[in-house]
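Participant: First, the structure itself, so that you have it in front of you.
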Amino acid sequence: MDRSAQNARDQLLVDQARAGRLEAFNELVVAYQDYLYSMTVRVVRDPDVAEEAVQEAFFSAYRNLDRFSGSSFRAWLTRISVNAAHDILRKRKRRPAEPYPEWENEAWQPPAPPREEPEAVSMASFERAAIARCMEGITTEQRTAIVLYDVEGYDYAEIAAITGVSNGTVKSRIHRGRLALRECLAPELEPDRG
Amino acid sequence: MSDMSRPALPPSASAHDQHDPLLVAQVVAGDPLDPATADPVRTWLRTCPHCAALAADLARVSAAVAREPVPPRRRDFRLSPEDAERLRGNAVTRRLRRLSWPRSRAFAPAAAGVMSIGLVFVVVGYAWPDGGAGSIETQSDLAPLTQTMEVAPANSAAVDSFDSEAMDASVMSEPAPADRAASGLAQKASGVEADEVTSDTAGAEEASRAEQAPGAGALEANRSAGVAEQIVGSEAVPAEPELTSLAGSSPMTESGTEAEWQRWLVLAGVLLAAGGGALLLLAWLSRRSRDPLLP
C-alpha cells in the first residue's frame, strides 16, 4: 500500500474512532504496532522500555485523536512514540544493562533468510552483537535519527518534523552517529581490510 | 563483518589527518553541498585511500544498521473497552484537554508580559511624582500653601510688585539675563504639581528680586505670583486677566487633565493586569491538560 492510500485509510479509521468506534482505533493499532515496536526498540535498546513507550504512545494517541490534523497518522504516531521513549529514558536515567537479552541467549535466533549458509549465519550473529553494542554507545538522539533514516526510510525533513529539530541538526546527528559507529566497529572492520 | 571486505590501506595517514570526516560523510550520504566544498572532498575520495575506506565503511555501517534484527513484539497493544473508557476521562478532563493548544508555551510568557505591563501602569499611576494631580483640589492640600503665603513677607512684596510694575514689564520686549531664574519659576508655576505650589514662596522671593532688576523678569515673576494668587483663591489678590493668559493655560485645568490621565493609566493598568492574569491562568490550565507526548 502506498503512502497516500495508507493515509486515506488512516484518516477514515481516525474519523470512525473519533465517533466512538473503538474497533476502528484498534485497526490502527494492529496496522502499526509491529512497526512502532521495532522502531522504538531500536531507539531505546530495551524491550521493556520499548513496550512501555509504545503503550504510552497508543494511549496518548487515543486520548488526543481530536488533535490529529496532520496528513500522516504514521508520522504522528512515530513522533509520539519517540517522545514517549525519550521521556521514559530520561526518567530512568540509565542505559539498559542487558540490551536485547534474547541475543545473550544462544538458543534465540532471528529467522534466517532462506538458502543462507551456516557460516553466514554465524557471521551475521557476530555482526549483530557488534552493531548492538555500538548502537548503545551513541547518543539517543543520534540513534533516533539513524534509525528513522537508515531503517524506516524517512527523509531529513520528515525526521526533523518527527524529532522537532532543524534539518541541519538531523544531518549532523546522522553523520556524527555514523562516524561514531564506524569508529566503534573498527575492530570488526579491520580484519576485512587485510 | 561479512560484507565489509575491501583492500588493505597503506600505513601512512598523515595527509588524511587534514581531511574532514564529517564532509566525507556528507558527500557519501549525497547531501547537497556547494561545489567549493564538495569538489575537494570528491578529490580526497579519489586520491586518499583512507577517505575512500571511510566512505566505504560508512555505507556498510548504514546498511548493517538497517539489517539489524529486533526481538519480536511480546504483547498486543490493542485497547480494551476499559482502557478506552479510562483514557476518555470525565467531562471536566475532556474540556480541559480541549483548552490545551500547541502554542501555549509561547503564549504564557506573552500573557505574563501583558500582566506585568498592567501592573507597571497601576504602580506608575498611583506613585506619580506629584502625589496625585487631583490632590491640590482639596482644601487640606491648599492649607500649607496659604500658611506659607501668610508667613512669608516676601509674598506680599510679590503681590505689590505685581500691582506696581506689571504694566511696565508688559511693554518690555527683551528679557534681562537676570530673569532666567524667574522665567524658570514661571514655567514651574504654570504646572500644578504640589512641590511647585509650595515653591511659590520662593517664587515670591524671585518676584521681589525682580523689583531690583527691572525688565521682563518682573513680568515673569508676576506671572508666578499671579499663579500663586489663583491657587490661593479669595485670600489673595486676583490676577489680571491678561497676565493670567500670559502665564499659560490654567493650572487647575491642567490639574484636572493630569488627574484624568492618571486615572486612565490606572484603569488601563488594572484591565491589562487582570486580562494578562486571566490569560496566564488559561495558559497554565492548558499546559496542565496538555499531553507532553504530543507533537
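Read the figures in this text as sums done on the coordinates, not as results from a lab. This structure is a prediction, so every number in the text was calculated from the model and none was measured. Ideal geometry is used to build each Cβ from the backbone, glycine not excepted, and the neighbour counts take in all protein chains shown.
Participant: Hey, got the average number of other protein chain Cβ atoms within 10 angstrom for residues in A:146-152?
Facilitator: 4
Participant: What's the exposure ranking of A:171, A:93, going from fewest to most Cβ atoms within 10 Å?
Facilitator: A:93, A:171
Participant: Give me the Kirkwood hydrodynamic radius of the stretch A:1-70 in Å, from all C-alpha pairs, to one decimal place?
Facilitator: One decimal place: 12.8 Å for the Kirkwood radius.
Participant: Listing A:72, B:80 from the residue with the fewest other Cβ atoms within 10 Å to the one with the most, what is the order?
Facilitator: Result, fewest neighbours first: B:80, A:72.
Participant: Run the Debye formula on the Cα coordinates of the stretch B:16-67, all scatterers equal and no solvent, and tell me log10 I(q)/I(0) at q = 0.17 1/Å.
Facilitator: -0.48
Participant: So for B:115, A:135, fewest C-beta neighbours within 10 Å to most, what's the order?
Facilitator: B:115, A:135
Participant: What net charge do the residues around residue A:150 carry, taking every other residue with its C-beta under 11 Å from that of residue A:150, with Lys and Arg at +1 and Asp and Glu at -1?
Facilitator: Cβ neighbours under 11 Å give a net charge of +2.
Participant: Other chains near A:179-186: what is the mean number of their Cβ atoms within 10 Å of each residue's Cβ?
Facilitator: Average per residue, whole number: 4.
Participant: Mind giving me the FRET efficiency for residue B:15 and residue B:257? R0 is 56 Å, r the Cβ-Cβ distance, nearest 0.05 is fine.
Facilitator: E between residue B:15 and residue B:257, to the nearest 0.05, is 0.10.
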